[in-house]
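Novice: Dropping a structure here in structure tokens format, bear with me for questions.
The values are calculated or read from the model by the stated rules, or taken from the named source; none is laboratory data. Since the structure is predicted, the reported quantities are computational estimates derived from the model, not experimental observations. Positions of Cβ are generated from backbone atoms using ideal geometry, with glycine treated the same way; all protein chains shown enter the neighbour counts.
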Amino acid sequence: MTITVEPSYDDVQMLVDEVWTSFLGSEEPLLPGAPTDLAVGWSAAVTVSGEWHGMVSVELPTGLAEEVTRRMLMVEETLDEDVADAVGELVNMIGGNVKSLMPGPSVLSLPVVAAGRVARPSDSVEVCRLDASWAGTPLLVSVYVRKDA
């Protein structure tokens, strides 16, 4: 049986802020932002399956994805493989926290990472959208659920 529950905007905002701060520090806070037409350079998604079914995605412009990678890995230069790892780990942590808010038991998939936008399943609808900015650059975290749930 699938349970129809959606994470609240406030819960998603709080856990994204916690994950962001744990990875990147609190010197430059993650700020709520206005919806924008984001130039997605990198994105990643994880799915949750079990009592609750959903998908969590993170979308970042290229420059922000590279800066996140430099700070997470404490490196000066980034390779695409490093960026993919960092963006994948970011969505993995956010997705795991969203999973913990939802009814269980459930499992979290491995991250899918793309240079560009990760496609969402056609049978899903966005139920929570967190537009934010970090160091003046917009980013997006979304939670999707199946339409038939």
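Novice: Examine segment 77-99 for a residue that is in a helix (DSSP H, G or I) and loosely packed, with under 14 Cβ neighbours inside 10 Å, and state whether such a residue exists.
Specialist: yes
Novice: Take segment 21-55 and flag every residue that is of a type in the set (Asp, Glu) and surrounded by fewer than 14 Cβ atoms within 10 Å (Cβ to Cβ).
Specialist: Result: Glu27, Asp37.
Novice: If we keep just the residues of segment 116-149 that are outside any strand (DSSP E or B) and more than 15 Å from the chain's Cα centre (by Cα), which is farthest from Asp17 (Cα to Cα)?
Specialist: Once the filter is applied, the top-ranked residue is Asp148.
Novice: Next up: Hey, could you check segment 56-76 for residues that are buried (at least 22 other Cβ atoms within 10 Å of the Cβ) and not aliphatic (A, V, I, L, M) and say which is farthest from Gly136 (Cα to Cα)?
Specialist: Result: Ser57.
Novice: Moving on. Considering every residue within segment 13-23, establish whether at least one is on the phi > 0 side of the Ramachandran plot, more than 13 Å from the chain's Cα centre (by Cα), modelled with pLDDT under 95 and not in a strand (DSSP E or B). Break it down into steps so the answer makes sense when it comes.
Specialist: From segment 13-23, those on the phi > 0 side of the Ramachandran plot are none; that's our starting set.
No: segment 13-23 contains no residue that is on the phi > 0 side of the Ramachandran plot, more than 13 Å from the chain's Cα centre (by Cα), modelled with pLDDT under 95 and not in a strand (DSSP E or B).
Novice: Contact list please: Cβ distance under 6 Å, first residue in segment 60-74 and under 17 Å from Val19 (Cβ atoms) and β-branched (Val, Ile, Thr), second residue assigned to a loop (DSSP other than H, G, I, E, B) and at pLDDT below 95, pairs at least six apart or on different chains.
Specialist: Correct list of pairs: Thr69/Thr78.
Novice: Give me the pairs, please: first residue somewhere in segment 16-30 and more than 12 Å from Arg71 (Cα to Cα), second residue anywhere and surrounded by 14 or more Cβ atoms within 10 Å (Cβ to Cβ) and of a type outside the set (A, V, I, L, M), beta-carbon distance under 6 Å, and either six or more positions apart or on two chains.
Specialist: Listed pairs, sorted by first residue: Leu30/Asp17; Leu30/Trp20; Leu30/Trp134.
Novice: Another one. Report, by residue number, each residue of segment 107-136 that is crowded, with 18+ Cβ neighbours inside 10 Å and among the polar types (S, T, N, Q).
Specialist: Ser124
Novice: Filter segment 32-49 for residues that are at pLDDT below 90 and not hydroxyl-bearing (Ser, Thr, Tyr) and give the result.
Specialist: If the condition is that a residue be at pLDDT below 90 and not hydroxyl-bearing (Ser, Thr, Tyr), then Pro32, Gly33, Ala34, Pro35, Asp37, Leu38, Ala39 are the ones that fit.
Novice: Further question on the same structure: Return the residues of segment 50-62 that are over 16 Å from Met93 (Cα atoms), out of contact with any Phe, Trp or Tyr (no Cβ under 7 Å at 6 or more places or on another chain) and either in a strand (DSSP E or B) or modelled with pLDDT of 95 or more (or both); say none if nothing qualifies.
Specialist: Looking only at segment 50-62, we keep the residues that are over 16 Å from Met93 (Cα atoms), and these are 50-53, 61-62.
Narrowing the set further to residues that are out of contact with any Phe, Trp or Tyr (no Cβ under 7 Å at 6 or more places or on another chain) leaves 50-53, 61.
Scanning segment 50-62 gives Gly50, Pro61.
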